[in-house]
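The values are calculated or read from the model by the stated rules, or taken from the named source; none is laboratory data. Since we're looking at a predicted model, the values are computed, not measured. FYI the Cβ positions are ideal-geometry reconstructions off the backbone, even for glycines, and counts take in every protein chain you see. For accessibility, only protein heavy atoms count, side chains too; no ligands or nucleic acids. Shrake-Rupley method; radii C 1.70, N 1.55, O 1.52, S 1.80 Å.
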Amino acid sequence: MAHALLNTAKLLTTISTAALLTLSMNASHAVQVYKSIGAHGEVKYSQHAPQNGRSIEVIEFRSDGRQNDSGQMAGKTDASQEDNTVSAEDQRIAQLEARLKAQEASETARRCQSLRNNLTNLNVGGRIYEMDSSGKRDYLDGREIEIKRERVQQAINQYCTGDTV
């Protein structure tokens with residue numbers, strides 16, 4: 001019997017809260033409802049701050065009936081509007097990505113400078129050599145130099161955007 005009475009009281013409280021919210025909602029104002037625990041452990045809802053309640057929680061409802069969780073819906077006028085706040089984790093990830101991008105740009109610039117230096121050496125003329133596996137100089141002939149020059153220029157064109165020597 002006491003259990004049925006408690007369930008009936010909870011149902012009446014919920015219905016009266018819904019009715020209270022429906023009647024009190026104005027098109028341009030949010031409604032604050034106070035949720036508290038009564039002396040006998042029952043959950044109470046009221047538009048006025050309770051005098052003798054425990055665990056008082058303020059719940060705010062928007063004019064369209066949705067609950068306005070503090071910070072979650074604040075400032076939003078449309079349910080489809082995106083949340084522009086950036087979490088600390090998102091900021092950390094953005095910083096790491098920016099640092100990685102800067103390192104990649106620095107490495108690309110270093111490689112491009114090396115390619116340009118190689119092309120300059122190939123264009124200067126004179127005797128050009130490569131070291132073989134035993135450490136001996138292997139001098140290139142004119143045709144081999146021209147092939148290397150073309151390959152280096154292709155690499156510059158491909159990886160060093162807009163840079164030519």
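Taking only the range 140-165 into account, find how many residues are open to solvent by less than 70 Å² (accessible area, probe 1.4 Å), small (Gly, Ala, Ser) and at pLDDT below 90.
Residues in the range 140-165 being open to solvent by less than 70 Å² (accessible area, probe 1.4 Å), small (Gly, Ala, Ser) and at pLDDT below 90: 1 in total.
To keep it simple, each residue is scored yes or no on (1) under 40 Å from the mean Cα position of the chain (by Cα); (2) in contact (Cβ under 8 Å) with a residue 12 or more places away in the chain.
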site: SER106; (1), (2): yes, no
site: ARG110; (1), (2): yes, no
site: ASN123; (1), (2): no, yes
site: SER134; (1), (2): no, no
site: ARG137; (1), (2): no, no
site: LEU140; (1), (2): no, yes
site: GLU144; (1), (2): no, no
site: GLU150; (1), (2): no, no
site: TYR159; (1), (2): yes, yes
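For residues in the range 107-139 being of a type in the set (Gly, Ala, Ser) and surrounded by 10 or more Cβ atoms within 10 Å (Cβ to Cβ), which is farthest from CYS160 (Cα to Cα)? If you could, list the steps in order and put the result at the bottom.
Filtering the range 107-139 down to residues of a type in the set (Gly, Ala, Ser) leaves 109, 114, 125-126, 133-135.
Right, trim to surrounded by 10 or more Cβ atoms within 10 Å (Cβ to Cβ) and you get 109, 114.
Working: ALA109: 8, SER114: 11 Å.
Checked the range 107-139; the qualifying residue farthest from CYS160 (Cα to Cα) is SER114.
Of the conditions (1) open to solvent by 90 Å² or more (accessible area, probe 1.4 Å); (2) at pLDDT 70 or above; (3) assigned to a loop (DSSP other than H, G, I, E, B), ARG99 fails just one. Which one is it?
Unmet condition: (3).
Within the bounds of the range 106-119, is there any residue that is part of a helix (DSSP H, G or I), under 23 Å from GLU144 (Cβ atoms), modelled with pLDDT under 90 and not hydrophobic (A, V, I, L, M, F, W, C)?
Yes, that holds for at least one residue.
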